[in-house]
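Have a look at the structure below before the remarks.
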Amino acid sequence: MSELVLYDGAGVPSPRRVKICLLEKGLPFTIKWMNLGLMDQKAPGYLKLNPTGLVPTLVHEGKAVYESNVINEYLDAVFPNPPLVPKDAYGQARMRMWFAFENDFAKPFRDAVYETMGKQRLQSTGLTPEKLREEISKRTSNEAYIRFATRVLTTPKDDELVAERQLLLMEKMAQMEDQLSDGRTWLCGEQFTLADIALAPRVDMFPVVGVPDLYTRLPNIGKFMERMKARPSWEISGQRPEPGETERVVGRR
Ligand SMILES: N[C@@H](CCC(=O)N[C@@H](CS)C(=O)NCC(=O)O)C(=O)O
């Protein structure tokens, strides 16, 4: 079996997509945990693999692939069983339109996540702004990242910003609810595809951005997520690193 290495962050949605895809295909892989609060993802060595400075990156036989949906399409092409991409051209177009749909609300989502989970996590480390600067400076010399992280650490949660982002996000969720109202099992119909894998990890994070009752407000999404959570790949892909853990091997016997 060829080697697959995944650069991941703790409890974040984009790498989870890749883990679900790898698990659905029964592929063993090694996770390398990145500390996103301390900007591991902006270190020059990592930027050589992935110039977007984000996770995930998958390295397969020494070749780096980034962008979660691109990675998953690559995996489906190299390891075609079970297929997770529709065979017909329109099915593929529908799947990619779901990718675009998700990508469209990723920005307001990220803003809200930094105000909530990001802030909470960084503040719970007990780091002082000076220590944070020192730690981040070991990874990157770009002052913009240091200032950004310092703002996350030192400013109180911006409730107004979070409320405004929620309005944008709920508009998108209402559209997804409407699409699912025709009774389809998965987003592209009866076949479980990369579209479902693209959306579910993001949808699962709505409690993090202050919407704990999404599934009762939008029951078709609730049922879609129940089906998703019944798949073994869901639980395993949600595992987080133990304190101090840097690597984890998944699925190798
Ligand atoms: N479109 C990218 C989005 C990747 C992304 O936003 N990754 C987040 C974690 S879910 C990240 O690396 N955040 C760190 C940062 O913002 O510096 C993908 O699907 O791979």
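Each reported figure results from applying straightforward, stated rules to the coordinates on display, with no laboratory input. Because the structure is a prediction, the values reported are computed rather than measured. Cβ: placed from backbone, ideal geometry, glycine included. Neighbour counts: every protein chain shown.
Worth a mention:
- Residue that is of a type in the set (S, T, N, Q), touching a residue at least 24 places away in the same chain (Cβ under 8 Å) and part of a helix (DSSP H, G or I), where the choices are Q175, Q179, Q191: Q175
- Only a single item in (1) part of a strand (DSSP E or B); (2) small (G, A, S); (3) surrounded by 18 or more Cβ atoms within 10 Å (Cβ to Cβ) is not met by A64, and it is number (3).
- Residue in segment 83-126 that is nearest to L194 (Cα to Cα), counting only those that are hydroxyl-bearing (S, T, Y) and surrounded by 13 or more Cβ atoms within 10 Å (Cβ to Cβ): Y114
- Scanning segment 44-98 for residues that are more than 16 Å from the ligand (Cβ to nearest atom), basic (K, R) and more than 28 Å from N142 (Cα to Cα) yields a count of 2.
- Considering segment 20-43, and only residues there that are of a type outside the set (D, E, K, R) and assigned to a helix (DSSP H, G or I), the residue that is nearest to the ligand (Cβ to nearest atom) turns out to be Q41.
- Residues in segment 215-233 that are surrounded by fewer than 18 Cβ atoms within 10 Å (Cβ to Cβ) and of a type in the set (G, A, S): 2 in all.
- Of all residues in segment 1-19 being under 12 Å from L75 (Cα atoms) and within 11 Å of the ligand (Cβ to nearest atom), the one that is farthest from the chain's Cα centre (by Cα): V18
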